[in-house]
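Here the structure comes first, spelled out in structure tokens, and everything after it is commentary.
Rule-based calculations on the coordinates, nothing more; no lab input. These numbers were taken from a predicted model, which means no experiment stands behind them.
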Amino acid sequence: MTEPVTVRLPTESDTLHFGRKLGGLLRPGDLVLLAGPLGAGKTVLAKGIADGLGVAGRVSSPTFIIAREHRPAPGGRGVPLVHVDAYRLGGNLAELDDLDLDTELVDAVVVVEWGEHLAERLSEDHLLVRLARTEDETRIATVVPHGGWAHRLRLG
């Protein structure tokens with residue numbers, strides 16, 4: 001593991017832009033875990049990642065369906081996105097296994113909200129993004145690369 005990178009995101013627009021940058025780095029087989037309390041910006045960041053990948057469909061919190069697949073949009077990068085909300089899984093590994101995400105990781109980028117301490121086992125090579133909100137509503141993203149991400153992460 002390399003050193004975490006911290007990024008200040010003063011506005012929702014900054015969070016979307018940061019997500020687009022991440023989306024531009026992602027390729028099939030990548031796993032991104034988003035962590036942070038309610039309202040920290042996980043879904044906004046996932047929207048930016050989807051924009052950076054160029055996928056079709058509106059990205060919203062998949063809380064009630066747990067996982068939603070977004071196919072590549074015409075003119076996009078050709079990489080599908082599987083957006084997962086593990087909040088309702090309550091740490092249940094069997095339910096996570098039932099989603100068959102390891103199969104999805106072959107051809108798609110998988111982004112798991114609330115995935116820390118649960119979904120890391122899907123791939124040794126993953127990117128953890130911890131989001132926090134300050135009193136002035138600025139978001140702080142701490143990006144922690146694991147495995148092969150130590151050599152790929154270039155956010156500058």
Go from 0 up to the bin containing the longest alpha carbon distance in segment 113-153, width 10 Å each, and give me the % of pairs per bin.
27, 45, 22, 5
Whose amide H sits under 5 Å from the amide H of residue 56, counting only residues 5 or more places off or on another chain, with H placed in the peptide plane?
71, 73
